[in-house]
Amino acid sequence: MSASLRTQLQEALNQARRDRDRLRVSVLSTTLSEVRNREIELGREATEEEVQAVLARAQKQRRETAEQMTSAGRPELGEKETQEAAILAEFLPEPLEESEVRARVRESIQEGVTEMGPLMGRLMPLIRGRFDGKEANRIVREELARDG
């Protein structure tokens with residue numbers, strides 16, 4: 001990847017403005033604002049991983065909101081949130097499959113890591129932004145119970 005993630009977001013925002021794509025402009029400008037806010041919190045420029053974390057968090061929030069809206073009988077609002085999550089997904093690495101995460105957990109257990117904390121500590125840097133942490137926690141618990 002030649003251009004930084006932040007640069008890609010800015011270029012996509014500029015293109016969306018030229019295309020007059022309101023939804024895309026809204027999502028990308030909001031996301032860039034969230035990145036700037038994170039940088040203010042940090043007191044420095046965000047790293048690629050930190051920008052990716054902001055994107056992943058924003059995407060997750062939109063997916064959860066979409067589910068809430070749909071279950072509350074507002075499918076049109078849920079669809080809008082789903083579209084926004086899809087826009088953000090374009091800038092994130094491919095998500096991992098549960099089987100891939102499970103294989104990494106088994107690998108760590110075979111290497112002698114048999115406690116929840118150290119196992120999660122080893123797993124999270126590998127999957128951050130590509131797999132949900134709660135689901136990873138569930139998988140780790142299942143594998144530890146199966147092994148122990």
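Of note:
- E50 vs. criteria within 15 Å of the chain's Cα centre (by Cα) and exposed (fewer than 13 other Cβ atoms within 10 Å of the Cβ): no
- Of the residues making up the range 38-61, those that are free of Cβ contacts under 8 Å to residues at least 24 places away in the same chain and part of a loop (DSSP other than H, G, I, E, B) number 4.
- Taking the criterion of being exposed (fewer than 13 other Cβ atoms within 10 Å of the Cβ) and aliphatic (A, V, I, L, M), the residues of the range 109-148 that qualify are M116, A145.
- Test set (1) touching a Ser or Thr at 6+ places or on another chain (Cβ under 9 Å); (2) closer than 23 Å to G129 by Cβ - L77 fails condition number: (2)
- Residue match in the range 62-72 (condition: under 12 Å from the mean Cα position of the chain (by Cα), closer than 17 Å to L9 by Cβ and at pLDDT 90 or above): yes
- Filter result (assigned to a loop (DSSP other than H, G, I, E, B) and either touching a Ser or Thr at 6+ places or on another chain (Cβ under 6 Å) or modelled with pLDDT under 85 (or both)) within the range 115-133: R128, G129, R130, F131, D132
- Residue ID - surrounded by the most Cβ atoms within 10 Å (Cβ to Cβ), chosen from residues in the range 94-103 that are modelled with pLDDT of 85 or more and within 25 Å of A58 (Cβ to Cβ): V101
The values are calculated or read from the model by the stated rules, or taken from the named source; none is laboratory data. Remember, it's a predicted structure, so these values are computed and weren't measured experimentally. Cβ: placed from backbone, ideal geometry, glycine included. Neighbour counts: every protein chain shown.
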